[in-house]
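*Asks:* Could you have a look at this structure, given as structure tokens, before my questions?
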Amino acid sequence: MRTTTFVALSVVVAALPVVSSHAADCTFNPAQHRNERQIRAEVSRLSEIVAPSAATGKRRSVPPPKTSWPTAKNFIDVAIFERQQRDGVAPASISSDTEFLRRVTIDLAGRLPNGDEIVAFMADTSSDKRDRAIDRLLQTEEFNDRWALWFGDLVQNTQFASGMGSGVGAGRTPYYRWMRAAIAERKPYDAMVRELIAGSGNSATNGPPNYAVRQRQGNGPLQDTFDNLATASGAQFLAMPLNCVSCHDGIGHLEPVNLGLSRVKRTQLWGMSAFFARTLFRNDGTAVTVNDQGTGAYRLNTVSGNKTPRKAPEGFGDTAPPVYLTGGTPNEGEVLRVAYGRLLTADRQFARAAVNYIWKEMFGLGIVEPVDGFDLARLSPPAGIDPQPTHPALLEDLTDHFITSGYDLRGLLRTMAQSSTYQLSSRYDAGTWSEAWTAYFARHYPRRMLAEVVLDAIHQATGRTIDITGQDFGRITKVIQAPDPFAIQQARGGFPYSLFLADFGQGNRDTVMRSNAPSLIQTLTMMNDPMVLRGTKRSQPTHVQLILRDTRDPAAITNRLYLATLGRYPTEEERGIATAFLTGGGTLDDRTEDLQYALLNKLEFLFN
């Protein structure tokens, strides 16, 4: 930042709120906020920072005057709007075309819309243009990149994992390629999971066996590994944290946090783990081969390893038979892992968990929170116990929809994106917002873009390119295409990018989970990182360089920078402030660079 223009630029930055203005106020650690009320409160407060309500003044708990509700596009809107109308909570207006296009492009394709897309969308007057935009994005290669990233997070695909045996990282790239190909081929979600659960072969060349390898314990008896497979699959695919009951019964321990799991016994977890008791791991030091044996049992009475002693209850016997949590058992002659995959994906909770995971990706807040902490006893509880879902009937309708569709991931995303609820504005304009209304989804909740999407968006907005080559995954032009969090760090020239991704909460898919919480370090990074600064320079191959070659008109420069960076044209007020700054002294070239810098540091750029 040049000191000659810093004071003048500060006026622009004051008019266009930047990350640093509120980052410290909205920083939070998700691990410390597991209660659903706390999670909703954080979402609400962050929304008011990023997209303040149109009304001003102190928040109040009384509802604003009712307004007309948007048209209900599908069963999602019927459920959401009926509850709003019943309780007198009016929704925000439908988002503008540019707000919608930017949101849906980031959510479905993990990138910003480009200028041509924005201009064409704004010029389109057809009534179905939003539906057509959704369908177009669902068919793109970028969709496959974005949702392979999501699935990789879910199953924790990583080269390095604490506590696991050697060979865990050998298959991270074939694992990634398998999941991306499965999404590209429109493989049903339940089929993907069954393939992982029963995956066999060499982990360095095949994707699916890496699921089992990822859970292989590096020490302790084999039963620890079998427990890991049961608890990991429960957490990832049922959204039920079963780890506690791998050491003791839930009763007397889990009542304050999960009433349903407090009723689960350790013997039931052993029954889940027993489906993996015939899994054979052969480690050659660099990779692991996974196969199934014809014999083997989950033996009890162990006293070593990472779990409390597996003391068999009186009359239970020395081994635990394979019994799924809801009572299902293998068919005669059925491979145990195949049986487990069949029972798991036939469990209604499997579809229910997936629907809620996807809902949070699209709406910023789950119908059930925390999304990985389902309490089955609170889905439709008796009087006196609050239901966990904000909209229990809608959750079940979405679950039915997903099952009926054949577990079609694109179909589920299309239904969500087409709803008027998804298309509400982030800025609440129906009165003064109250945190008490967060569970009503009466506005769209903005959230910071994923770390990889932020990094790619900076390059797209500034006209810069990424060109990284990894030893095992080849050349990529977007960091969202990397197989795991360590890939960029290991790639030639990728280390500076890896530092940026760490600052923006990428995590490592092992001991540090992904976070999209804002922080002070992110503010400092956006203001000082050489990658950001290079993107503003006219001496580099950037949009600034190209724009200045094409025009010297301050209004035209302003329009093009806004379109490239924020996905919209400036308002009249913004255009006036920006053009006055561009002509306010110094050189137009220098001030164009500074305007690009200011736009990159707007909250609006980082949040979707």
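*Asks:* Efficiency by 1/(1 + (r/R0)^6): what FRET value for Thr286 and Glu334, r their Cβ-Cβ distance, R0 = 30 Å, to the nearest 0.05?
*Replies:* That pair, Thr286 with Glu334, gives E of 0.40.
*Asks:* Now for a separate question. Just to verify a number: what accessible area does Ser380 come out at with the full protein assembly present, 1.4 Å probe, Å² rounded to tens?
*Replies:* The value for Ser380 is about 100 Å².
*Asks:* DSSP loop GluC sites (Glu not before Pro) in segment 296-400 with at most 10 other Cβ atoms within 10 Å of their Cβ, which ones?
*Replies:* Glu314, Glu332
*Asks:* With a 1.4 Å probe and all protein chains left in place, how much of the accessible area of segment 452-596 comes from carbon and sulfur atoms, in whole percent?
*Replies:* Carbon plus sulfur share of accessible area: 53 percent.
*Asks:* If you don't mind, another one. Convex hull volume of the Cα atoms in segment 371-429, per residue, in Å³?
*Replies:* Looking at segment 371-429, the number lands at 134 Å³ per residue.
*Asks:* Hey, another quick one. What is the angle, in °, between the Cα long axis of helix 222-237 and the longest principal axis of the Cα atoms in the chain? Nearest 10 is fine, range 0 to 90.
*Replies:* Tilt of helix 222-237: around 40 degrees.
*Asks:* Where nothing but the Cβ of Lys and Arg (+1) and of Asp and Glu (-1) is charged, how large is the charge dipole of the chain around its Cα centre, in debye to the nearest 20?
*Replies:* Result for the chain is approximately 420 debye, rounded to the nearest 20.
*Asks:* What number, rounded to the nearest 500 deg cm²/dmol, is the helix-based mean residue ellipticity at 222 nm of the chain, given -39500 (n - 2.57) per DSSP H run of at least four residues and division by all its residues?
*Replies:* My calculation for the chain gives -14000 deg cm²/dmol from helical runs alone.
*Asks:* Relative to the compact-globule scaling 2.2 N^0.38 Å, provide the ratio for the alpha-carbon radius of gyration of the chain.
*Replies:* That works out to 1.02 for the chain.
*Asks:* For the charge dipole of the chain, defined by +1 on Lys and Arg C-beta atoms and -1 on Asp and Glu C-beta atoms about the Cα centroid, which residue among Ser539, Ile106, Gln38 has the Cα displaced farthest towards the positive pole?
*Replies:* Ser539
*Asks:* In degrees from 0 to 90, rounded to the nearest 10, what is the angle of the helix 129-138 Cα long axis to the longest principal axis of the chain?
*Replies:* 50 degrees
*Asks:* For segment 74-155, just list the percent of Cα-Cα distances falling in each 10 Å bin from zero outward, please.
*Replies:* Reading upward from the zero bin: 15, 37, 30, 17, 1.
*Asks:* Give me the net charge of Asp224's neighbourhood, meaning all other residues with Cβ under 11 Å from the Cβ of Asp224; Lys, Arg count +1, Asp, Glu -1.
*Replies:* +2
*Asks:* Okay, moving on. In segment 243-333, which trypsin sites (Lys or Arg not before Pro) fall in coil by DSSP and have 15 or fewer other Cβ atoms within 10 Å?
*Replies:* Lys265, Lys311
*Asks:* On full extension of the chain, what length is gained from Asp131 through Ala191, given 0.36 nm per residue of separation minus the C-alpha to C-alpha distance?
*Replies:* Residue separation times 0.36 nm, minus the Cα-Cα distance, leaves 18.9 nm.
*Asks:* Let me ask something else about it. Can you list the equivalent-ellipsoid semi-axes of segment 390-504, largest first and in whole Å, using the square root of 5 times each Cα gyration tensor eigenvalue?
*Replies:* Largest first, segment 390-504 gives 36, 21, 12 Å.
*Asks:* FRET efficiency for Arg492 and Ala123, Cβ-Cβ distance as r, R0 = 45 Å, nearest 0.05?
*Replies:* Rounded to the nearest 0.05, the efficiency is 0.60.
*Asks:* Then there is this: Under a point spin-label approximation (7 Å from Cα along Cα-to-Cβ), what is the Gln471-Glu82 distance to one decimal in nm?
*Replies:* About 5.8 nm separates the two model spin labels.
*Asks:* With Cβ to Cβ distances under 10 Å as the rule, what net charge do the other residues near Tyr428 carry (K, R +1; D, E -1)?
*Replies:* Every neighbour counted, the sum reads 0.
*Asks:* Follow-up question, since we're still on this one. For an R0 of 45 angstrom, estimate the FRET efficiency from the Cβ-Cβ distance between Ala297 and Ala393 and round to the nearest 0.05.
*Replies:* Result of the calculation: an efficiency of 0.55.
*Asks:* Given 0.36 nm per residue, what is the gain on full extension from Ser380 to Gln540 after removing their alpha carbon distance, in nm?
*Replies:* Between Ser380 and Gln540, full extension yields 51.7 nm more.
*Asks:* If you don't mind, another one. In the chain, what is the count of Lys pairs whose alpha carbons are under 29 Å apart, counting only pairs at least 8 residues apart or on separate chains?
*Replies:* Lysine pairs meeting the criterion: 21.
*Asks:* Rolling a 1.4 Å sphere over the protein heavy atoms, what is the accessible area per residue of the chain, to the nearest Å²?
*Replies:* 39 Å²
*Asks:* Right, here's the next one. By how many degrees, between 0 and 90 and to the nearest 10, does the Cα long axis of helix 36-50 differ from the longest principal axis of the chain?
*Replies:* The answer is roughly 20 degrees.
*Asks:* Here's a follow-up. Can you send over the carbon and sulfur percentage of the accessible area for segment 249-298, probe radius 1.4 Å, protein chains only?
*Replies:* Result for segment 249-298: 50 percent of the exposed heavy-atom area is carbon or sulfur.
The values are calculated or read from the model by the stated rules, or taken from the named source; none is laboratory data. Bear in mind that the values here come from a model prediction, so they are computed numbers and not experimental data. Positions of Cβ are generated from backbone atoms using ideal geometry, with glycine treated the same way; all protein chains shown enter the neighbour counts. Keep in mind that these areas ignore ligands, DNA and RNA; they rest on the heavy atoms of the full protein, side chains included. Shrake-Rupley method; radii C 1.70, N 1.55, O 1.52, S 1.80 Å.
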